[in-house]
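The values are calculated or read from the model by the stated rules, or taken from the named source; none is laboratory data. None of the values given here were measured: they were computed from a predicted structure. Glycine also receives a Cβ, built like all others from the backbone with ideal geometry; neighbour counts cover every protein chain displayed. Areas reflect the complete protein model, heavy atoms only, side chains present, ligands, DNA and RNA absent. Shrake-Rupley method; radii C 1.70, N 1.55, O 1.52, S 1.80 Å.
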Amino acid sequence: MTQPSTSDTREYESARERVEELRTQIRYHDYRYYTLAEPEIGDSQYDAMMRELRAVEEQHPELITPDSPTQRVSGEPAEGFAVVEHREPMLSLSNVFDREELLAWQRRMTRLIEREDFTYVCEPKIDGLAISLVYRGGHFEYGATRGDGLRGEDITSNLRTIRSIPLVLQADPDSLPPAFEVRGEVYLSKEEFRRLNEQRAEAGEQLYMNPRNTAAGSLRQLDPRVTASRRLDVFIYQLGWVEGERPVASHSEAIAWLRSLGFTTNPLTETFNDVDRVATFCENWVERRDGLEYEIDGVVIKVDDLATQRALGVVGREPRWATAWKFPAEQAVTRLNAIQVSVGRTGVLTPFAVLEPVFVGGVTVSMATLHNLDHVRELDIRAGDDVIVQRAGDVIPQVVGPVLSRREGRDLPIFEMPETCPVCGTPVAHDEGEAAYYCPNRQCPTKLARLIEHFTSRYALDIEGFGEERSAMLVDRGFVTSLADLYDLPGKREQLLEVEGIGPKTVDAMFAELEKSKTQPLHRLLIALGIRHVGGETARALARHFGSMQALRDAAVEEIEAVDGIGPIVAEAVHDYLHDDEYAALIDALAERGLRMDEDIAARGGILEGETIVVTGSLDRWSRNEVEELIKSLGGKVTGSVSKKTSFVVAGEGGGSKRDKAETLGVELKDEAEFIALLEERGWSTDE
Ligand code: IVH
């Protein structure tokens with residue numbers, strides 16, 4: 001290596017200083033803009049700083065750090081999201097709808113801890129998605145969705161694109177607890193929602209339903225660039241777990257502290273000592289809500305003092321110390337034009353309401369599920385009725401019931417389930433004592449189309465390009481008469497190209513997706529087959545236990561039932577399915593076409609379970625994304641910065657500062673070959 005000349009060194013030094021300076025300034029202006037909503041400079045000045053930073057970093061790529069403001073969108077699209085276990089469950093909230101219910105909530109607390117003088121903090125209840133963010137050493141480490149409250153999905157790369165989430169906190173790391181979690185709500189502003197929909201309208205694309213759904217969809221994008229284009233926002237509303245000492249004694253102190261660190265908290269928060277005033281505050285919000293930049297569906301009321309919160313505790317999944325004052329659901333009256341029946345992938349017939357389109361709760365509703373015959377009878381709704389439609393903050397519109405006074409004098413027919421399947425005409429079957437009616441015809445075209453949708457869905461084999469319309473087309477035109485036919489589509493390329501609206505790009509993408517799906521692990525195939533009662537949990541349990549389709553097929557009912565978490569009904573359904581001639585033939589046909597029929601040892605053993613691993617530099621065998629996915633799939637945790645808790649650092653070519661840090665902290669370094677050797681030692685094999 002040649003010695004760098006003095007002028008090179010000087011140039012480098014000044015670039016390094018400039019980069020630091022620009023980053024500090026940009027972070028400060030982000031803080032002014034997002035946290036304080038008091039920008040000091042205009043957009044063009046800000047953009048100029050970003051441009052300069054980008055330019056210097058381009059000249060000196062070795063100066064780029066993951067928390068540079070230029071690195072919010074980084075990494076390749078992911079294959080899926082890893083699961084994150086929340087250290088402390090993410091709870092939900094009980095509801096109150098009026099003053100009386102609020103007072104009852106307060107009385108319950110009083111009864112429990114014999115006190116009535118509470119301080120309450122009231123915050124708008126943002127209609128978005130709950131997230132959890134973990135900071136370590138003053139840096140954003142990872143973030144996750146709420147999921148089921150216990151386990152969520154690792155959406156770090158997507159969260160990094162949200163500009164109001166600080167990557168580096170505004171504090172000396174030594175003054176902070178070593179690590180802590182914050183929680184908040186990600187949302188899409190009404191204006192952004194309008195902007196996106198205008199774009200979509202221009203492009204002739206289907207419009208998004210509402211801001212909440214759009215935000216949810218945006219957060220779960222596999223490609224962070226897509227998320228970045230959606231301009232999501234966040235309000236942080238809670239301090240979660242803290243390693244070391246909790247720096248605050250009340251919720252309001254926590255919020256003030258978080259705000260001082262650069263988190264965006266809701267400025268419309270107010271504190272009261274009197275529950276009656278809380279109620280008035282909530283009542284007033286009902287009118288003010290429409291004037292906000294974002295959608296809210298209520299007000300959250302929290303007891304401020306943390307010691308009191310602890311004394312009150314949690315019942316089930318709801319804290320006793322907090323509640324949500326929910327706004328009345330939005331309702332509208334419209335004509336029920338007809339009650340029709342749809343056929344699902346298992347053949348179950350579901351009645352649904354065909355409505356005169358009506359605008360309610362921010363969306364236009366023209367259809368609503370009616371669940372089953374019993375439900376229709378209970379509500380006593382009939383085609384021709386005027387009905388009340390409700391859309392309560394959530395997604396699915398409901399028919400509440402008929403406006404009976406408007407039925408008077410008209411003789412409307414009581415709804416009956418059809419006697420034959422509306423799609424294939426096969427007589428409908430019904431088990432005595434069960435609510436469901438179903439089409440028993442295995443070849444029923446709609447059933448097959450729905451099954452293809454399910455088979456290809458993200459939770460099953462994750463094959464893109466087989467949505468509702470495409471699946472129906474494939475069945476209607478005879479391209480697919482069984483799931484296995486999907487894999488024969490490449491042989492029908494010419495015929496597919498004759499279908500209107502399908503070009504060579506589309507078919508090739510479909511084929512590539514199908515090919516990719518062949519390597520999906522067994523549990524996904526088990527989900528995809530659509531066996532009764534077999535969802536994700538069950539499929540994973542079966543795949544983990546038996547390891548291969550063959551072993552599962554060889555198992556007796558009792559052996560299946562012996563698997564942890566599987567009961568007799570599920571065991572029997574699985575056994576029946578596998579020993580049904582037609583389904584057995586389907587599985588054979590899928591195996592013949594090259595679908596993978598086993599589970600990787602990762603999911604069975606988790607050979608990196610409990611290890612926290614940092615990857616730095618570039619590896620030969622995998623891209624950065626691939627190796628991170630691999631580690632996660634083997635049960636390990638990947639973090640961005642080296643700390644004492646790091647089990648080891650996988651160091652490829654380059655990767656300077658993390659290597660140094662590891663050496664300083666005495667954390668083990670492994671090169672690529674050593675890492676592979678470790679995996680192999682633990683039973684990993686190259687064909688994974
Ligand atoms: S506090 C134990 N505060 O509402 C405290 N939640 O029904 C739990 N939400 O999952 C949450 N704004 O997604 C809290 N200011 C706020 C909120 C808020 C919206 C959501 C959050 C949570 C759900 C609870």
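Take 271-283, 296-308, 452-464 and order them by the average number of nearby Cβ atoms within 10 Å per residue, most first; the result is 296-308, 452-464, 271-283.
Set the Förster radius R0 to 41 Å, insert the Cβ-Cβ distance between VAL400 and ALA307 as r into 1/(1 + (r/R0)^6), and round the FRET efficiency to 0.05. With a Förster radius of 41 Å, E is 0.45.
Which shape class, rounded, prolate or oblate, goes with segment 249-325 when its Cα gyration tensor gives a ≥ b ≥ c as root eigenvalues, a/c under 1.5 marks rounded, and past that a/b bigger than b/c marks prolate? Cα axes put segment 249-325 in the oblate bin.
Quick check: Cα centre of segment 64-91 to Cα centre of segment 236-310, how many Å? When both Cα centres are located, 26 Å separates them. Based on the alpha-carbon gyration tensor of segment 105-181 and its eigenvalue square roots a ≥ b ≥ c, which shape applies: rounded if a/c is under 1.5, prolate if not and a/b is larger than b/c, or oblate? Prolate is the answer for segment 105-181, as a/c is 1.5 or above and a/b outweighs b/c. For segment 95-199, applying the loop criterion from DSSP together with a ceiling of 11 other beta carbons within 10 Å to the GluC sites (Glu not before Pro) yields GLU114, GLU116. Net length available on complete extension from THR481 to GLU245 is 78.7 nm, with 0.36 nm assigned per residue and the Cα-Cα distance removed. The calculated 222 nm mean residue ellipticity attributable to helices in the chain amounts to -11000 deg cm²/dmol, summing -39500 (n - 2.57) over DSSP H runs of n ≥ 4 and dividing by all residues. Shown for the chain: cysteine residues without a partner Cβ closer than 4.7 Å, namely CYS122, CYS282.
Distance between the pseudo-spin-label points of ALA584 and GLU609 (7 Å out from Cα toward the beta carbon): 3.5 nm. Accessible area per residue (1.4 Å probe, heavy atoms of protein chains only) ranks GLU11, GLU79, GLU416 as GLU79, GLU416, GLU11, with the largest value leading. Just add up the charged neighbours of HIS371: K/R +1, D/E -1, any other residue whose Cβ is under 14 Å from the Cβ of HIS371. Residues close to HIS371 contribute a combined charge of -2.
As a fraction of the 1.4 Å probe accessible area of segment 283-352, surface on carbon and sulfur atoms comes out at 44 percent.
Once you reduce segment 101-173 and segment 510-568 to the center of their Cα atoms, the two points are 36 Å from each other. Each residue of segment 210-221 was assigned a 3J(HN,Hα) from its phi angle through the Karplus curve 6.51 cos²θ - 1.76 cosθ + 1.60 (θ = phi - 60°); the sequence is 7, x, 4, 4, 5, 4, 4, x, 5, 6, 9, 6 Hz, with glycine and proline shown as x. Computed on the Cα trace of segment 1-157, the radius of gyration divided by the Kirkwood hydrodynamic radius gives Rg/Rh = 1.15. By the rule of a C-alpha distance below 26 Å, with chain neighbours fewer than 8 residues away ignored, the lysines paired with LYS505 are LYS492, LYS516, LYS518. Counted residue by residue at 0.36 nm each, then reduced by the alpha carbon distance between them, the extension gain from MET367 to ASP508 reaches 47.3 nm. Working from label points 7 Å from Cα in the Cα-to-Cβ sense, the ALA383 to ASN213 distance is 2.6 nm. Using a 1.4 Å probe on the protein chains only, how many percent of the accessible area of segment 1-152 belongs to carbon and sulfur? Accessible surface attributable to carbon and sulfur in segment 1-152 totals 48 percent. Please state the shape class of segment 439-553: rounded when a/c is under 1.5, otherwise prolate if a/b exceeds b/c and oblate if not, all from the C-alpha gyration tensor. Since a/c reaches 1.5 and a/b is larger than b/c, the shape of segment 439-553 is classed as prolate. In the chain, the inverse of the mean reciprocal separation of distinct Cα atoms equals 29.0 Å; this is its Kirkwood hydrodynamic radius. Projecting label points 7 angstrom from Cα along Cα→Cβ for ASP576 and GLU674 puts them 5.6 nm apart.
For segment 469-477, the Karplus equation 6.51 cos²θ - 1.76 cosθ + 1.60, evaluated at θ = phi - 60°, returns couplings of 5, 4, 4, 4, 4, 4, 6, 4, 8 Hz by residue, with Gly and Pro reported as x. Neighbours of TRP241, meaning other residues whose beta-carbon lies under 14 angstrom from its beta-carbon, give a summed charge of -1 when Lys and Arg score +1 and Asp and Glu score -1.
With R₀ fixed at 22 Å, the C-beta to C-beta distance from ASP488 to LYS516 puts the FRET efficiency at about 0.85. Stretched out straight at 0.36 nm per residue, the stretch from GLU592 to SER342 would grow longer than its current Cα-Cα span by 86.7 nm. When only the Cβ of Lys, Arg, Asp and Glu is charged (+1, +1, -1, -1), the dipole of segment 304-353 relative to its Cα centre reaches about 240 debye. Considering only PRO413, CYS424, LEU486, and ranking their Cα positions along the charge dipole of segment 380-495 that arises from unit charges at the beta-carbon of Lys, Arg, Asp and Glu, the one farthest toward the positive end is LEU486.
Probing with 1.4 Å while keeping every protein chain in the model, the per residue accessible area of segment 512-669 equals 48 Å². When +1 charges are put on Lys and Arg Cβ atoms and -1 charges on Asp and Glu Cβ atoms, the dipole computed for segment 206-345 relative to its Cα centre reaches about 700 debye. Under a 5 Å amide H cut-off, with hydrogens placed 1.01 Å from N, ASP462 pairs with SER457 among residues at least 5 apart or on other chains. Residue by residue, segment 608-617 carries 3J(HN,Hα) couplings of 10, 3, x, 9, 10, 10, 10, 10, 9, x Hz when phi is fed to the Karplus relation 6.51 cos²θ - 1.76 cosθ + 1.60 (θ = phi - 60°); x denotes Gly or Pro. Between GLU283 and GLU318, what FRET efficiency comes out of the Förster formula 1/(1 + (r/R0)^6) with R0 = 35 Å and r the beta carbon distance, rounded to 0.05? My answer for the efficiency is 0.95.
What's the magnitude of the charge dipole for segment 190-289 around its Cα centre, counting Lys and Arg as +1 and Asp and Glu as -1 at the beta-carbon? Answer in Debye, nearest 20.
It works out to roughly 380 debye.
Of the GluC sites (Glu not before Pro) found in segment 485-559, those that fall in a DSSP loop while having at most 11 other beta-carbon atoms within 10 Å are GLU498, GLU500.
Starting from the Cα of SER623, step 7 Å toward the Cβ, then list every residue of segment 67-91 with an amide N under 18 Å from that point. Once the point is set 7 Å along Cα→Cβ of SER623, 71-82 turn out to lie under 18 Å by backbone N, inside segment 67-91. Here the accessible area of segment 424-570 is 48 percent carbon and sulfur, with a 1.4 angstrom probe and all protein chains present. What percent does the relative contact order of segment 409-456 come to when contacts are Cα pairs within less than 8 Å and at least six residues apart? Contact order relative to length: 25 percent.
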